[in-house]
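The structure under discussion appears below in the form of structure tokens.
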Amino acid sequence: MRYLLPSLILLALVAMLMLRGYVHSEILADHRVRPPAATDQVPERILDGGPIIDARGGTPPKSRSIPKHKIVLTFDDGPDPVWTPKVLDILKEHHAHATFFVTGTMTSRYPGLVKRMVDEGHEVGVHTFDHPDLSYQSKARIDWELSQNQLALAGAAGIRTSLFRPPYSSFADAMDNKSWPVTEYVGSLGYITVLDSTDSEDWKRPGVAAINRNASPKHGDGAVVLMHDSGGDRSQTVAALAHFLPKEQDKGYEFDTVSEALGAPSAHTPVTGLDRWKGKAFVGAVAFSDNVTDVLIVGLSVIGVLVIVRFGLMLVLSFAHARKVRRRGFRWGERPVTEPVTVLVPAFNERECIANTVRSLTESDQRIEVIVIDDGSTDGTAGIVEGMWLGGVRVVRQENAGKPAALNNGIAHASHDLIVMMDGDTVFEASTVRELVQPFADPRVGAVAGNAKVGNRDTLIGAWQHIEYVMGFNLDRRMYDVLGCMPTIPGAVGAFRRTALERVGGMSEDTLAEDTDITMAMHRDGWRVVYAERARAWTEAPESVQQLWSQRYRWSYGTMQAIWKHRRAVVESGPSGRFGRVGLPLVSLFMVLFPLLAPLIDVFLLYGLVFGPTERTVVAWLGVLLVQAVCAAYAFRLDGERMLHLISLPLQQILYRQLMYVVLLQSWITALTGGRLRWQKLRRTGAVEAPGSIPGPRRAAADRRTSA
């Protein structure tokens, strides 16, 4: 069930994009136009007849002409949101009626204009849904083109029409052996085909005078005049129409619809009942998908800006951070920190990992005491530690109360002022504690973030998390360090000054991200929070999608809780206000909004591949990937990591990012619905050890030999 709602939202998003591509003619468009063919199969009476062809069943096909002194103005390819309203305004001004042959794609996008046409007494005809040359199409495709156009008309104006104009059509004498079967078939479906007898050629944009000249009938003859209200810049058509109407009216011409000119009943038939609601639903879905897509496009623009800003800041500020901490003679204070340190290890059912964790601490080159707080474990975790008989290591047992309570219990039992906190599945290098506490030589430093690294990176999911830790976490921490607004001391490797912890009330149970919560509290209390990149800790990352989901769900939801808890910092003064107006916005943008919008890059990649423009879409996506690859390579170089794992970066961006998106979306849903999320214990294997340490089985054997 945890995947259901986010998956449905993602599926709805894809469906809306598909609908948008569908109605914007980006997938079904067929721009082929058949060249002229022989005419021997077309009846002479059709070739020599008028522009109105009635091939409906029961009688032989016949054609009709427009009576003298009547002009049927026809407009193709609309409605258009820019030009159609101007055309309608001019027609209304001169009390003229016209017939509009609309496409289904444009009708579904601008239904209000079609309704206005009908309301103002104009006639509407079908011009297919997607404007293909029907002589290339099967009967099934022709049926679809007509029925979808009618569906859009039903939704827009509550009508269906019996008038039809084939795309790319011309005069009756241009009918040939390829187009005539289409006319016959469409006639058998109940349609009257309306061609033209006078072509304004406005699509060529020859100028206002030429359009007027081309459109004008001769000697008082009736005419079906072809113009366009869509398909490009129709400013010349609009200007010509304003002159053409009064000029021809002065000659005695009337401007009627097809039905009015022929003295026939209206071509419109009201649509009611289920068909009407189907049309409304279709038009409504198109409008909704267009609006949502517009918002998504804005979101894509936002994410583009965020990508550039974030990676720009990361590169520039990380470079500045590296120069500062690596320059010759750099020191945190007047002398190194050599005082003893308390290391707290909260543990709940960590039997697979706890021995490696504690043993790695005993090899530390800093004087330490180790306190393992057993949080009501049921798997013998405490017994394993006690059975190791290691000096300087003691166990504190408590009933299960959660990690924050365990840490607070450990703080109460700590003997020293400097306190290091780590997870029960993490392994330290010999120098980790020493490197982690050196920043406390500066009395303004209240907390230090270490360099958490993925130990089990030999699987694809592990490799992806390795990239994320090195690039997304540690490169971020360098940036936040320079800006003075580090958002999180990682639970796997962090250090605190006891006085700082006491001033902010210790570890809080208000959120599921106690590490982020305590870090924000430190900033608001005026303490510096810094990053010690050489303090490396090796942690066991989740090895399955389900475990990864559980971990990141808790992280993202806990981060949202922490941001909300400390929201008043935005309006406060002093250090709290500085963090509130610098740190909180950055955390909100880069840890909440950015991951939520980032998948739009891949969604629009898919959209562009399906609907086009394919080349520009691929180039844009590769450009974003290149920026990320540069940042990742730089982060790997700073951390001294091998570049081999970056081979999986493109696949990580496509798959891993979608998983993180669904996780964050689920967190948003939980937050907005007021849901509560509980701690979720991840299954561990105990496979992670510090580089250079004796592998677990061999070390255990050595311990047995020593004790013997």
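The values are calculated or read from the model by the stated rules, or taken from the named source; none is laboratory data. As the structure is a computational prediction, the values presented were derived from the model and not from experiment. With ideal geometry, Cβ positions are generated from the backbone for all residues, glycine too; neighbour counts draw on all protein chains shown. These area figures cover heavy atoms from the full protein model, side chains too; ligands, DNA and RNA do not enter into them. Shrake-Rupley method; radii C 1.70, N 1.55, O 1.52, S 1.80 Å.
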*Could you grab me the full set of residues in the stretch 432-455 that are open to solvent by less than 10 Å² (accessible area, probe 1.4 Å) and not in a helix (DSSP H, G or I)?*
Val445, Gly446, Ala447, Val448, Ala449, Gly450, Asn451, Ala452, Lys453, Val454
*Which pairs do you get when a residue that is farther than 14 Å from Thr74 by Cβ and in contact (Cβ under 8 Å) with a residue 60 or more places away in the chain, found in the stretch 164-181, comes within reach of a residue that is of a type in the set (Val, Ile, Thr) and surrounded by fewer than 19 Cβ atoms within 10 Å (Cβ to Cβ), reach meaning Cβ atoms under 9 angstrom, with the pair 6+ apart or on two chains?*
Tyr168/Val33; Asp173/Thr39; Ala174/Thr39; Met175/Thr39; Asp176/Thr39; Asn177/Thr39; Trp180/Thr39
*asked:* Need a quick list: strands (runs of 3 or more DSSP E) entirely within the stretch 309-407 having at least 1 residues that are touching a His at 6+ places or on another chain (Cβ under 9 Å) and open to solvent by 20 Å² or more (accessible area, probe 1.4 Å).
replied: 368-375, 393-398
_Matching residues in the stretch 129-170 - criterion: being within 21 Å of Ser230 (Cα to Cα), in a loop (DSSP other than H, G, I, E, B) and touching a Lys or Arg at 6+ places or on another chain (Cβ under 9 Å)_ = Pro132, Asp133, Tyr168
*Selection status of Ser188, of a type outside the set (Val, Ile, Thr), open to solvent by 30 Å² or more (accessible area, probe 1.4 Å), in contact with an Asp or Glu (Cβ under 8 Å, 6 or more places away or on another chain) and more than 16 Å from Val114 (Cα to Cα)*: no
*Of the residues Arg567, Arg536, Arg578, which single one is basic (Lys, Arg), free of Cβ contacts under 8 Å to residues at least 40 places away in the same chain and open to solvent by 30 Å² or more (accessible area, probe 1.4 Å)?*
Arg567
*Spot the failing condition for Arg213; the list is (1) in a helix (DSSP H, G or I); (2) open to solvent by less than 10 Å² (accessible area, probe 1.4 Å), and only one is missed.*
(2)
*Give the number of residues within the stretch 113-149 that are open to solvent by less than 30 Å² (accessible area, probe 1.4 Å), touching a residue at least 60 places away in the same chain (Cβ under 8 Å) and touching a strand residue (DSSP E or B) at 6+ places or on another chain (Cβ under 8 Å).*
5
*Hey, does the stretch 70-83 have a residue that's exposed (fewer than 14 other Cβ atoms within 10 Å of the Cβ), modelled with pLDDT of 95 or more and among the hydrophobic types (A, V, I, L, M, F, W, C)?*
yes
*Looking at this structure, is Lys86 under 20 Å from Gly231 (Cβ atoms), in a helix (DSSP H, G or I), open to solvent by 40 Å² or more (accessible area, probe 1.4 Å) and touching a residue at least 40 places away in the same chain (Cβ under 8 Å)?*
yes
*Residue ID - modelled with the lowest pLDDT, chosen from residues in the stretch 251-299 that are under 19 Å from Leu19 (Cα atoms) and in contact with a Ser or Thr (Cβ under 6 Å, 6 or more places away or on another chain)*: Val286
*So, in the stretch 95-112, of the ones that are more than 17 Å from Ala267 (Cβ to Cβ) and open to solvent by 40 Å² or more (accessible area, probe 1.4 Å), which residue ends up nearest to the chain's Cα centre (by Cα)?*
Arg109
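Okay, residues lined up against (1) of a type in the set (Ser, Thr, Tyr); (2) touching an Asp or Glu at 6+ places or on another chain (Cβ under 9 Å); (3) closer than 18 Å to Pro265 by Cβ:
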{"site": "Arg116", "(1), (2), (3)": "no, no, no"}
{"site": "Asp119", "(1), (2), (3)": "no, no, no"}
{"site": "Asp130", "(1), (2), (3)": "no, yes, no"}
{"site": "Leu134", "(1), (2), (3)": "no, yes, no"}
{"site": "Ala154", "(1), (2), (3)": "no, yes, no"}
{"site": "Gly158", "(1), (2), (3)": "no, no, yes"}
{"site": "Leu163", "(1), (2), (3)": "no, yes, yes"}
*Would you check if Arg524 is out of contact with any strand residue (DSSP E or B) (no Cβ under 8 Å at 6 or more places or on another chain), in contact (Cβ under 8 Å) with a residue 12 or more places away in the chain and open to solvent by 30 Å² or more (accessible area, probe 1.4 Å)?*
yes
*Enumerate the helices (runs of 4 or more DSSP H) found wholly within the stretch 613-708, keeping only those where 3 or more residues are open to solvent by 50 Å² or more (accessible area, probe 1.4 Å) and at pLDDT 65 or above.*
614-639
*Can you name the residue in the stretch 205-248 that is farther than 22 Å from Val102 by Cβ and basic (Lys, Arg) and, of all such residues, is modelled with the lowest pLDDT?*
Lys218
_If I filter the stretch 542-553 for residues that are within 26 Å of Arg568 (Cα to Cα), open to solvent by 10 Å² or more (accessible area, probe 1.4 Å), in contact with a Ser or Thr (Cβ under 8 Å, 6 or more places away or on another chain) and part of a loop (DSSP other than H, G, I, E, B), do I get at least one hit?_
no
_Which of the numbered conditions does Ala495 fail, given that it passes all the others? Conditions: (1) more than 21 Å from Val337 (Cβ to Cβ); (2) open to solvent by less than 20 Å² (accessible area, probe 1.4 Å)._
(1)
*Report, by residue number, each residue of the stretch 469-491 that is among the aliphatic types (A, V, I, L, M) and open to solvent by less than 10 Å² (accessible area, probe 1.4 Å).*
Val470, Leu475, Met479, Met486, Ile489
*Which members of the stretch 232-273 meet the condition of being open to solvent by 70 Å² or more (accessible area, probe 1.4 Å), in contact (Cβ under 8 Å) with a residue 40 or more places away in the chain and of a type in the set (Asp, Glu)?*
Glu254, Glu260
